[in-house]
Amino acid sequence: MMLLTKLILAYLVGDFLLQPRSWVKAKQKSKLRAYPLYLQAVLHGILIMLLVWDWAFLPWATLMIFIYLAIDATKLFLQRKETKARFFFACLFLHFLSIYLIVWWYSGNPVGTLDFVDQAHLLLLTLVVFITLPCSLIVKMIIVRWSPYPDQGVDESLQDAGKYIGILERLFVFVFVITGHWEAVGFLLAAKSVFRFGDLKDSKDRKLTEYILIGTLTSFGIAILTGIAYTGWVPN
């Protein structure tokens, strides 16, 4: 379980927190000729070795670098604008599946790790990372098909503000769930509804209202399920 958590944490940090938008655009434009594709894979290998902290795991980290390259390169060649969301989730599944299979394959040879944190704290850190930028992208991929203005640009500052508001909401919900304060989750949802009511009332746009509701409920739902998962995995 410890090794699995560390490998998932390395993937989330490397693919979502440390990957700049310029790398994503370069890969989409140049595909295999884009150096960020290979730089990103090497970054994953470095993060894996830092977290596992054992040179004996280097061959397995190298294998994971090539698996990462194969999955991402395949996605770059096959995805189209209309299938981008499907390929995103398919590749996310393949990355997690490959991590699980590596751990299962290696399970007969336990890794000597530097346990500077225990399993519960490492799991907590991994889930916190998950509900920040990775979850923002997941929510975006889920609701983008219902965007009321798919052909119109969005102001960059507003887009970033919405992203960080969503991250803060999920962090609050996650903390409320793992500490058992479910009433605070309801209060947060009600408070957001009050703040949003004026905008939605003025817009008189039913599609926009439904779009915001889908996004909010999806975001809150993921945070709640993540909190429940943590409390279920970690004994009291």
Task: Which listed pairs, of K31/K207; K27/K140; K27/K192; K84/K163, have C-alpha distances above 31 Å, in listed order - done: K31/K207; K27/K192
- [ ] Could you work out the Rg to Rh ratio of region 2-112, with Rh taken as the Kirkwood radius (inverse of the mean 1/r over all Cα pairs)?
- [x] 0.98
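Only the coordinates and a few stated rules stand behind these numbers; no lab work does. Computed from a predicted structure; not experimentally measured.
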